[in-house]
Amino acid sequence: MSDVSPEIWFYHLERSTLEQVLPGLMEKTRERGWRALVRAADPGLLGDIDERLWTYRDDSFLAHGRDSGPEAARQPILLTEGLENPNAAQALFIVDGSDLGDMKGMERCFIIFDGRDEAALAGARVRWKTLKEAGAALAYWKQSPEGRWEKAA
């Protein structure tokens, strides 16, 4: 685990939904050998993500659990409303504008927001500005017309 502040990557959804993008990001995170923490303030959204990670492909699933469930600390992907990092994740996913919380030990933070939602877009802009002023290592990703992710800043 690192004592250095994590890279913070903003993912601007325009052509895809969170339900389409998140499983692929989780797969890449797990391929790196990292644990993931998915944080949302909305318990209903966490329930939707919970279901999606089990069913996003017919031939596969992403093993995960909820922070309220048994063995939360052992989960490779943990879904939470809390600000703690009980599974010692290296990757943090913020999916609804919830607080970043303590990012100690994190390698990367993904802030995923829906660019078609004006409130989410405005919140992401404020968060970008605040983090930039604080000296955070930021990157901005958006989808090309073909749907590929391209680093734009």
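The values are calculated or read from the model by the stated rules, or taken from the named source; none is laboratory data. Computed from a prediction, not measured in an experiment: that's the story for all the values here. As a convention, Cβ positions derive from the backbone with ideal geometry for all residues, glycine included, and neighbour counts pool all protein chains shown. These accessible areas exclude ligands, DNA and RNA; they are computed on the full protein's heavy atoms, side chains included. Shrake-Rupley method; radii C 1.70, N 1.55, O 1.52, S 1.80 Å.
Evaluated at q = 0.10, 0.15, 0.16 Å⁻¹, the base-10 log of the normalised Debye intensity for the chain, with identical point scatterers placed on the Cα atoms, takes the values -0.32, -0.76, -0.88. In straight-distance terms, cross-link reach from Lys132 covers every one of the aspartates and glutamates whose alpha-carbon lies under 17 Å from its own, apart from those fewer than eight places away in the same chain; here that gives Glu7, Asp99. Remark: the Cα gyration tensor places the range 17-66 in the oblate category, a/c being 1.5 or greater and a/b not exceeding b/c. As a length-normalised measure over Cα pairs under 8 Å and 6 or more apart, the relative contact order of the chain settles at 34 percent. Rolling a 1.4 Å probe across the protein heavy atoms gives the chain an accessible surface of 53 Å² per residue. What residue among Pro23, Pro86, Pro70 shows peak mean-square fluctuation when the chain is described by a Gaussian network model with Cα springs under 10 Å? Answer for the Gaussian network model of the chain: Pro70. Backbone amide hydrogens, once placed in the peptide plane, bring Ser98 within less than 5 Å of Ala41, excluding anything fewer than 5 places away on its chain. Scoring 10-18, 142-150, 24-32 by mean Cβ neighbours within 10 Å over their residues and listing the highest first yields 10-18, 24-32, 142-150. Note on the chain: with neighbouring protein chains present and a 1.4 Å probe, carbon and sulfur make up 48 percent of its accessible heavy-atom surface.
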